[in-house]
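I have placed the structure first, in the form of structure tokens, so that the comments after it can refer back to it.
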Amino acid sequence: MSRAADRLKVVLNHLDRSNGAVRASFTSAQNVSYHHPQVLQYTFDTGVLTPEQRLAYEENGFILIRKLVSDQDIDRFSKEFERICKREVKVPGLVVMRDVTIAKSEYVEGEKAVTKLQDYQEDLELFRYCTLPQILKYVECFTGPNIMAMHTMLINKPPDTGKKTSRHPMHQDLHYFPFRPADRIVCSWTAMEKVHRGNGCLVVLPGSHHGTLLEHDYPEWEGGVNKMYHGVRNYDPNHPRVHLEMEKGDTVFFHPLLIHGSGMNQTDGFRKAISCHYASSDCYYIDVKGTTQENISNEVKELAAKKYGVDDTVTFQDTWALRGRLVQGDRTSM
Ligand SMILES: CCCC(=O)SCCNC(=O)CCNC(=O)[C@H](O)C(C)(C)COP(=O)(O)OP(=O)(O)OC[C@H]1O[C@@H](n2cnc3c(N)ncnc32)[C@H](O)[C@@H]1OP(=O)(O)O
Ligand SMILES: Nc1ncnc2c1ncn2[C@@H]1O[C@H](COP(=O)(O)OP(=O)(O)OP(=O)(O)O)[C@@H](O)[C@H]1O
Ligand SMILES: O=C(O)CCC(=O)C(=O)O
Ligand SMILES: [Fe+2]
Ligand SMILES: [Mg+2]
């Protein structure tokens with residue numbers, strides 16, 4: 001067990017669990033023999049997470065809540081996804097992505113080819129996911145009370161075509177985000193059906209959120225890589241990996257520095273998940289020029305230029321401010 005984990009255990013022993021007065025007991029913990037005043041840096045006490053859950057997130061960088069979203073809601077999201085694929089609805093700003101090998105193939109048409117929807121914030125039905133009270137209740141533990149939905153995705157991992165392009169390389173989501181602080185950002189990812197090793201569940205490196213943002217680039221995969229699927233350049237292959245097997249409605253909340261990816265889909269079904277990245281509206285934008293994030297920001301700007309014909313007066317930050325939506329509290333800064 002790491003020293004940080006040991007320190008946390010000490011604090012846990014001092015928490016008054018009978019009345020849940022977590023903050024008050026910090027003071028007493030510090031009075032005893034504490035050197036590091038900011039013991040729980042990743043979570044807030046809102047009465048939602050138990051002390052054990054808070055410690056788990058601090059230590060691991062993720063927390064899995066079983067059955068958080070109802071079957072009825074998920075079925076509604078699936079239906080809406082189908083309508084979008086069949087082009088029965090047109091959603092402004094929506095990015096429809098196809099698997100790189102399928103996109104190059106002449107044979108596959110329509111819904112089967114869609115691997116991911118991105119930026120569904122203008123679709124009222126899908127965006128309901130980002131406003132579900134039971135999700136926001138947890139999100140608030142990480143972001144605080146002012147909450148923006150910054151990035152929305154519905155992932156429809158296709159059966160692998162044999163080129164392994166259905167994999168998502170190991171990465172940190174913060175690579176894509178020009179805002180900080182990282183600790184006030186969280187991803188909520190909900191399984192829309194049973195996800196397991198066979199259909200490419202999430203794979204996480206627990207505790208990796210304690211590190212810094214690493215250099216990302218396209219992995220050197222023979223079969224090709226999807227557009228913008230950057231991976232961590234050098235991650236420790238010996239770091240323990242956890243496969244997050246989940247049932248329909250199970251939801252994982254994870255830190256934007258947590259290294260994660262997903263394996264190949266070896267089944268013949270499409271593996272569906274819906275997700276939203278939230279940030280505190282008190283976050284601020286940063287300039288990524290000269291940082292490891294410059295490569296992705298250039299790709300995004302190039303795409304925006306092609307797609308919307310915008311020039312470089314539109315910054316990487318602007319593309320985020322335009323997509324972000326307030327879902328709770330006040331829009332203070334973002
Ligand atoms: C925390 C966040 C983590 C992440 O978001 S990681 C994933 C980030 N992914 C994205 O941001 C999605 C980016 N994708 C897109 O913007 C679009 O899907 C993309 C790639 C521009 C294609 O869109 P469209 O132009 O509408 O599609 P199209 O069918 O007309 O294809 C145009 C050219 O692009 C190619 N293409 C399509 N899907 C691709 C893919 N998945 N990977 C690589 N290349 C792809 C396609 O073959 C075509 O190429 P060509 O012009 O024929 O040479
Ligand atoms: N060469 C690689 N570079 C970067 N990431 C990789 C590489 N190979 C696999 N990954 C990533 O590692 C994670 C696990 O991939 P993998 O396909 O091995 O999953 P798995 O099938 O669940 O594991 P296993 O093969 O051990 O059963 C995925 O995120 C995958 O994209
Ligand atoms: O659903 C998955 O396979 C993971 C997607 C992911 O991590 C991402 O798009 O950032
Ligand atoms: Fe991710
Ligand atoms: Mg493997």
## Note on the structure
The residue from Gly207, Gly211 that alone is more than 15 Å from ligand 1 (Cβ to nearest atom), touching a helix residue (DSSP H, G or I) at 6+ places or on another chain (Cβ under 7 Å) and closer than 30 Å to Gln41 by Cα is Gly207
#### Entry: Hey, Ala273 at negative phi, surrounded by 20 or more Cβ atoms within 10 Å (Cβ to Cβ) and either among the small types (Gly, Ala, Ser) or in contact with a Leu (Cβ under 7 Å, 6 or more places away or on another chain) (or both) or not
yes
### Task
For segment 200-226, name all the residues that are under 16 Å from the mean Cα position of the chain (by Cα) and at negative phi.
Cys201, Leu202, Val203, Val204, Leu205, Pro206, Ser208, His209, Leu213
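Can you give me the ranges of the strands (runs of 3 or more DSSP E) entirely in segment 244-284 with at least 2 residues that are among the hydroxyl-bearing types (Ser, Thr, Tyr), modelled with pLDDT of 95 or more and under 17 Å from the mean Cα position of the chain (by Cα)?
Answer list for segment 244-284: 271-280.
Given the structure, is Glu140 modelled with pLDDT under 95 and away from ligand 1 (no atom under 12 Å from the Cβ)?
no
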### Query
Within segment 163-189, how many residues turn out to be assigned to a strand (DSSP E or B) and either within 15 Å of ligand 4 (Cβ to nearest atom) or under 22 Å from Val114 (Cα atoms) (or both)?
9
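Taking Tyr229 as the residue in question, decide whether it is within 15 Å of ligand 4 (Cβ to nearest atom), over 17 Å from the mean Cα position of the chain (by Cα), buried (at least 17 other Cβ atoms within 10 Å of the Cβ) and part of a loop (DSSP other than H, G, I, E, B).
Against the criterion (within 15 Å of ligand 4 (Cβ to nearest atom), over 17 Å from the mean Cα position of the chain (by Cα), buried (at least 17 other Cβ atoms within 10 Å of the Cβ) and part of a loop (DSSP other than H, G, I, E, B)), Tyr229 does not qualify.
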## Note on the structure
If you go through Ser275, Ser297, Ser262, the only one that is within 18 Å of Phe177 (Cα to Cα) and within 16 Å of ligand 4 (Cβ to nearest atom) is Ser275
### Message
Among the residues of segment 116-136, what is the count of those that are free of Cβ contacts under 8 Å to residues at least 60 places away in the same chain and assigned to a helix (DSSP H, G or I)?
### Response
4
### Task
Might you check whether a residue that is in a loop (DSSP other than H, G, I, E, B) and within 12 Å of ligand 4 (Cβ to nearest atom) occurs anywhere in segment 190-204?
no
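The values are calculated or read from the model by the stated rules, or taken from the named source; none is laboratory data. Everything numeric here is computed off the predicted structure, so don't read it as measured data. Because the Cβ atoms are built from the backbone with ideal geometry, glycine has one as well, and the counts that use them run over all protein chains shown.
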